[in-house]
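The values are calculated or read from the model by the stated rules, or taken from the named source; none is laboratory data. This is a predicted model, so every value here is computed, not measured. No Cβ is skipped: glycine too gets one built from the backbone with ideal geometry, and neighbour counts run over all protein chains shown.
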Amino acid sequence: MQRIGRIDRRLNPENEARIIADHPEQKELRSKVVYWNFLPPEDLDVLLHLYQLVSHKTLRISKTFGIEGKKLLTEKDDYEALRNFNETYEGTTTLIEDMHLEYQRILKEHPELVDRLKMLPGRVFTGKEHPSKNAQAVFFCYRIPRPDYSLAGDEDEHPWTEEAGETKWYLYALASEAIYEEPAEIVDIIRSTPETPRVCRIEKQTLTDIRKKVEKHIKNTYLKRVQAPVVIQPKLKAWMELAER
(Lines give C-alpha, C1' and ligand atoms only; values in the text may rest on other atoms or scores of the structure.)
Protein backbone atom coordinates (compact mmCIF):
# COMPACT_ATOMS: atom_id res chain seq x y z
CA MET A 1 0.00 0.00 0.00
CA GLN A 2 1.52 3.30 -1.11
CA ARG A 3 0.69 6.95 -0.94
CA ILE A 4 -0.02 8.68 -4.24
CA GLY A 5 3.30 10.53 -4.01
CA ARG A 6 5.20 7.25 -4.03
CA ILE A 7 3.26 6.11 -7.08
CA ASP A 8 4.25 9.30 -8.87
CA ARG A 9 7.93 8.77 -8.09
CA ARG A 10 7.72 5.18 -9.24
CA LEU A 11 6.64 6.43 -12.66
CA ASN A 12 9.67 8.64 -13.15
CA PRO A 13 10.41 8.21 -16.90
CA GLU A 14 14.17 7.92 -16.36
CA ASN A 15 13.75 5.24 -13.72
CA GLU A 16 11.31 3.34 -15.91
CA ALA A 17 13.73 3.43 -18.86
CA ARG A 18 16.55 2.01 -16.73
CA ILE A 19 14.32 -0.75 -15.35
CA ILE A 20 13.20 -1.78 -18.85
CA ALA A 21 16.82 -1.71 -20.06
CA ASP A 22 17.86 -4.05 -17.24
CA HIS A 23 14.73 -6.23 -17.44
CA PRO A 24 13.27 -6.21 -20.99
CA GLU A 25 10.84 -8.97 -20.05
CA GLN A 26 8.98 -6.49 -17.82
CA LYS A 27 8.29 -3.98 -20.60
CA GLU A 28 4.59 -4.87 -20.78
CA LEU A 29 4.20 -4.45 -17.03
CA ARG A 30 5.97 -1.14 -16.57
CA SER A 31 4.33 2.30 -16.70
CA LYS A 32 1.01 0.83 -15.64
CA VAL A 33 -0.46 1.38 -12.20
CA VAL A 34 -3.68 -0.01 -10.80
CA TYR A 35 -4.87 1.66 -7.64
CA TRP A 36 -7.78 1.33 -5.25
CA ASN A 37 -9.11 3.99 -2.93
CA PHE A 38 -10.65 2.46 0.16
CA LEU A 39 -11.91 3.48 3.56
CA PRO A 40 -11.80 1.43 6.77
CA PRO A 41 -14.94 -0.20 8.22
CA GLU A 42 -17.08 1.99 10.43
CA ASP A 43 -15.86 0.50 13.71
CA LEU A 44 -12.24 1.17 12.76
CA ASP A 45 -13.05 4.56 11.29
CA VAL A 46 -14.28 5.62 14.72
CA LEU A 47 -10.67 5.36 15.83
CA LEU A 48 -8.94 6.63 12.72
CA HIS A 49 -11.39 9.26 11.43
CA LEU A 50 -9.72 8.85 8.06
CA TYR A 51 -12.70 9.78 5.96
CA GLN A 52 -13.25 13.02 7.84
CA LEU A 53 -9.55 13.84 7.53
CA VAL A 54 -9.37 13.07 3.80
CA SER A 55 -12.59 14.82 2.83
CA HIS A 56 -11.93 17.92 4.89
CA LYS A 57 -8.40 18.20 3.50
CA THR A 58 -9.80 17.86 -0.02
CA LEU A 59 -12.33 20.61 0.57
CA ARG A 60 -9.69 22.83 2.17
CA ILE A 61 -7.35 22.37 -0.80
CA SER A 62 -10.18 23.21 -3.19
CA LYS A 63 -11.07 26.39 -1.32
CA THR A 64 -7.43 27.48 -1.38
CA PHE A 65 -6.24 26.41 -4.82
CA GLY A 66 -9.34 25.12 -6.58
CA ILE A 67 -9.78 21.68 -8.10
CA GLU A 68 -9.84 21.85 -11.88
CA GLY A 69 -13.15 20.63 -13.22
CA LYS A 70 -14.15 19.77 -9.64
CA LYS A 71 -12.47 16.39 -10.07
CA LEU A 72 -10.12 14.52 -7.78
CA LEU A 73 -7.68 11.80 -8.88
CA THR A 74 -9.48 10.85 -12.08
CA GLU A 75 -12.29 12.32 -14.19
CA LYS A 76 -14.67 9.87 -12.50
CA ASP A 77 -13.90 11.12 -9.00
CA ASP A 78 -16.59 13.73 -8.57
CA TYR A 79 -15.69 16.50 -6.15
CA GLU A 80 -19.28 17.74 -6.12
CA ALA A 81 -20.47 14.28 -5.07
CA LEU A 82 -18.03 14.37 -2.15
CA ARG A 83 -19.26 17.80 -1.09
CA ASN A 84 -22.88 16.69 -1.38
CA PHE A 85 -22.10 13.56 0.64
CA ASN A 86 -20.54 15.64 3.39
CA GLU A 87 -23.53 17.95 3.51
CA THR A 88 -25.92 15.00 3.68
CA TYR A 89 -23.78 13.32 6.32
CA GLU A 90 -23.70 16.50 8.39
CA GLY A 91 -27.46 17.02 8.08
CA THR A 92 -27.52 20.03 5.73
CA THR A 93 -29.27 20.19 2.37
CA THR A 94 -27.40 20.86 -0.85
CA LEU A 95 -28.45 23.47 -3.40
CA ILE A 96 -29.73 20.74 -5.72
CA GLU A 97 -31.79 19.26 -2.89
CA ASP A 98 -33.20 22.71 -2.12
CA MET A 99 -34.14 23.11 -5.78
CA HIS A 100 -35.89 19.73 -5.81
CA LEU A 101 -37.77 20.66 -2.64
CA GLU A 102 -38.79 23.96 -4.20
CA TYR A 103 -39.98 22.11 -7.31
CA GLN A 104 -42.07 19.72 -5.21
CA ARG A 105 -43.54 22.65 -3.28
CA ILE A 106 -44.53 24.39 -6.53
CA LEU A 107 -46.24 21.24 -7.81
CA LYS A 108 -48.08 20.90 -4.52
CA GLU A 109 -49.27 24.51 -4.65
CA HIS A 110 -50.14 24.26 -8.36
CA PRO A 111 -51.12 20.61 -9.06
CA GLU A 112 -52.39 21.51 -12.53
CA LEU A 113 -48.77 22.08 -13.61
CA VAL A 114 -48.15 18.33 -13.83
CA ASP A 115 -50.53 17.90 -16.76
CA ARG A 116 -49.47 21.18 -18.35
CA LEU A 117 -45.81 20.17 -18.30
CA LYS A 118 -46.63 16.86 -20.00
CA MET A 119 -48.42 18.72 -22.79
CA LEU A 120 -45.60 21.14 -23.53
CA PRO A 121 -43.62 20.61 -26.75
CA GLY A 122 -39.84 20.49 -26.97
CA ARG A 123 -37.78 23.70 -27.04
CA VAL A 124 -40.22 25.74 -24.96
CA PHE A 125 -39.33 29.43 -25.10
CA THR A 126 -40.36 32.25 -22.81
CA GLY A 127 -38.97 35.46 -21.39
CA LYS A 128 -39.01 37.84 -18.47
CA GLU A 129 -37.10 40.85 -17.23
CA HIS A 130 -33.64 40.30 -15.80
CA PRO A 131 -33.69 40.84 -12.01
CA SER A 132 -30.65 43.14 -12.31
CA LYS A 133 -30.80 46.51 -14.04
CA ASN A 134 -29.02 47.00 -17.36
CA ALA A 135 -28.40 43.27 -17.70
CA GLN A 136 -29.40 40.82 -20.42
CA ALA A 137 -29.00 37.07 -20.55
CA VAL A 138 -30.44 33.93 -22.08
CA PHE A 139 -31.05 30.75 -20.09
CA PHE A 140 -30.91 27.27 -21.64
CA CYS A 141 -31.92 23.87 -20.31
CA TYR A 142 -30.46 20.93 -22.26
CA ARG A 143 -30.79 17.20 -21.98
CA ILE A 144 -27.49 15.64 -23.01
CA PRO A 145 -27.46 11.93 -24.00
CA ARG A 146 -25.17 9.50 -22.21
CA PRO A 147 -24.36 5.80 -22.75
CA ASP A 148 -27.27 3.61 -21.70
CA TYR A 149 -25.67 0.63 -19.97
CA SER A 150 -29.04 -1.10 -19.66
CA LEU A 151 -29.09 -1.59 -23.44
CA ALA A 152 -26.76 -3.89 -25.34
CA GLY A 153 -25.01 -2.58 -28.41
CA ASP A 154 -22.65 -3.81 -31.10
CA GLU A 155 -19.12 -4.80 -30.09
CA ASP A 156 -19.78 -4.20 -26.40
CA GLU A 157 -20.69 -0.57 -27.07
CA HIS A 158 -23.78 0.95 -25.51
CA PRO A 159 -26.13 3.32 -27.35
CA TRP A 160 -26.31 6.92 -26.21
CA THR A 161 -29.85 7.78 -25.19
CA GLU A 162 -31.63 10.82 -23.87
CA GLU A 163 -33.24 8.71 -21.13
CA ALA A 164 -29.82 7.87 -19.70
CA GLY A 165 -28.63 11.43 -20.15
CA GLU A 166 -28.07 14.39 -17.90
CA THR A 167 -29.89 17.71 -17.62
CA LYS A 168 -27.58 20.73 -17.80
CA TRP A 169 -28.25 24.44 -17.31
CA TYR A 170 -26.45 27.27 -19.10
CA LEU A 171 -26.77 31.03 -18.80
CA TYR A 172 -25.31 33.30 -21.47
CA ALA A 173 -24.64 36.89 -20.37
CA LEU A 174 -24.86 39.24 -23.34
CA ALA A 175 -22.59 41.98 -21.99
CA SER A 176 -19.63 39.77 -21.05
CA GLU A 177 -20.41 36.86 -23.40
CA ALA A 178 -19.69 34.59 -20.43
CA ILE A 179 -21.43 31.23 -20.10
CA TYR A 180 -22.38 30.12 -16.60
CA GLU A 181 -23.10 26.50 -15.76
CA GLU A 182 -23.48 26.33 -11.98
CA PRO A 183 -27.11 26.17 -10.80
CA ALA A 184 -26.12 28.39 -7.87
CA GLU A 185 -25.28 31.16 -10.35
CA ILE A 186 -28.47 30.70 -12.36
CA VAL A 187 -31.44 29.70 -10.22
CA ASP A 188 -32.13 33.10 -8.62
CA ILE A 189 -31.97 34.82 -12.01
CA ILE A 190 -34.53 32.58 -13.70
CA ARG A 191 -36.87 31.96 -10.75
CA SER A 192 -40.44 32.87 -11.72
CA THR A 193 -44.00 32.65 -10.41
CA PRO A 194 -47.33 32.37 -12.23
CA GLU A 195 -47.63 36.15 -11.83
CA THR A 196 -44.26 36.90 -13.48
CA PRO A 197 -44.94 38.97 -16.64
CA ARG A 198 -43.75 37.46 -19.92
CA VAL A 199 -41.31 39.88 -21.57
CA CYS A 200 -39.45 39.25 -24.85
CA ARG A 201 -37.33 42.06 -26.29
CA ILE A 202 -34.16 40.46 -27.71
CA GLU A 203 -34.09 40.09 -31.50
CA LYS A 204 -34.80 36.59 -32.79
CA GLN A 205 -31.57 36.45 -34.80
CA THR A 206 -29.58 37.42 -31.70
CA LEU A 207 -31.26 34.63 -29.76
CA THR A 208 -30.45 32.14 -32.52
CA ASP A 209 -26.81 33.23 -32.60
CA ILE A 210 -26.54 32.87 -28.82
CA ARG A 211 -28.04 29.38 -28.93
CA LYS A 212 -25.43 28.34 -31.50
CA LYS A 213 -22.64 29.71 -29.29
CA VAL A 214 -23.91 27.78 -26.28
CA GLU A 215 -24.23 24.55 -28.24
CA LYS A 216 -20.69 25.01 -29.56
CA HIS A 217 -19.57 25.53 -25.96
CA ILE A 218 -21.28 22.29 -24.92
CA LYS A 219 -19.60 20.44 -27.77
CA ASN A 220 -16.14 21.77 -26.91
CA THR A 221 -16.47 21.17 -23.17
CA TYR A 222 -18.93 18.59 -21.89
CA LEU A 223 -19.28 16.41 -24.99
CA LYS A 224 -15.54 16.47 -25.59
CA ARG A 225 -14.84 15.57 -21.97
CA VAL A 226 -17.12 12.51 -22.08
CA GLN A 227 -15.79 11.56 -25.55
CA ALA A 228 -19.24 11.58 -27.09
CA PRO A 229 -19.57 10.38 -30.71
CA VAL A 230 -19.81 13.14 -33.31
CA VAL A 231 -23.47 12.36 -33.99
CA ILE A 232 -24.48 13.04 -30.37
CA GLN A 233 -26.09 16.44 -29.95
CA PRO A 234 -27.50 18.22 -26.88
CA LYS A 235 -31.30 18.34 -26.82
CA LEU A 236 -32.70 21.78 -26.06
CA LYS A 237 -35.70 21.45 -23.74
CA ALA A 238 -36.39 25.02 -22.67
CA TRP A 239 -34.88 28.47 -22.94
CA MET A 240 -35.68 31.86 -21.50
CA GLU A 241 -34.82 35.39 -22.48
CA LEU A 242 -33.90 37.66 -19.58
CA ALA A 243 -34.59 41.09 -21.01
CA GLU A 244 -33.03 44.36 -19.95
CA ARG A 245 -35.05 46.38 -17.47
> Can we say Thr206 is assigned to a helix (DSSP H, G or I), out of contact with any helix residue (DSSP H, G or I) (no Cβ under 8 Å at 6 or more places or on another chain) and farther than 18 Å from Arg123 by Cα?
Replying inline: no
>> Among the numbered criteria (1) under 24 Å from the mean Cα position of the chain (by Cα); (2) β-branched (Val, Ile, Thr); (3) under 19 Å from Glu129 (Cβ atoms), which one does Thr196 miss?
In response: (1)
> Across the range 104-145, what is the total count of residues that are farther than 27 Å from Gln233 by Cα and not assigned by TED's automatic domain parsing to the domain that holds Thr161?
Replying inline: 12
>> Cβ-Cβ distance below 8 Å, separation of 6 or more or different chains: which pairs start in the range 209-230 with a residue that is surrounded by fewer than 17 Cβ atoms within 10 Å (Cβ to Cβ) and end on one that is assigned to a helix (DSSP H, G or I)?
In response: Arg225/Gly69
>> Condition (residue is touching a helix residue (DSSP H, G or I) at 6+ places or on another chain (Cβ under 7 Å), in contact (Cβ under 8 Å) with a residue 24 or more places away in the chain and either of a type outside the set (Val, Ile, Thr) or buried (at least 18 other Cβ atoms within 10 Å of the Cβ) (or both)) applied to the range 180-190: is it met by at least one residue?
In response: yes
> On the given criteria, is Lys133 more than 20 Å from Thr196 (Cα to Cα) and either modelled with pLDDT of 80 or more or assigned to a loop (DSSP other than H, G, I, E, B) (or both)?
Replying inline: no
>> Quick check on my filter: what residues within the range 160-174 are surrounded by 15 or more Cβ atoms within 10 Å (Cβ to Cβ) and either modelled with pLDDT of 95 or more or in contact with an Asp or Glu (Cβ under 8 Å, 6 or more places away or on another chain) (or both)?
In response: Trp160, Ala164, Lys168, Trp169, Tyr170, Leu171, Tyr172, Ala173, Leu174
> For Arg198, all conditions in the list (1) without any contact (Cβ under 8 Å) to a residue 60 or more places away in the chain; (2) loosely packed, with under 15 Cβ neighbours inside 10 Å; (3) under 26 Å from Leu120 (Cα atoms) hold save one; what is the number of the exception?
Replying inline: (1)
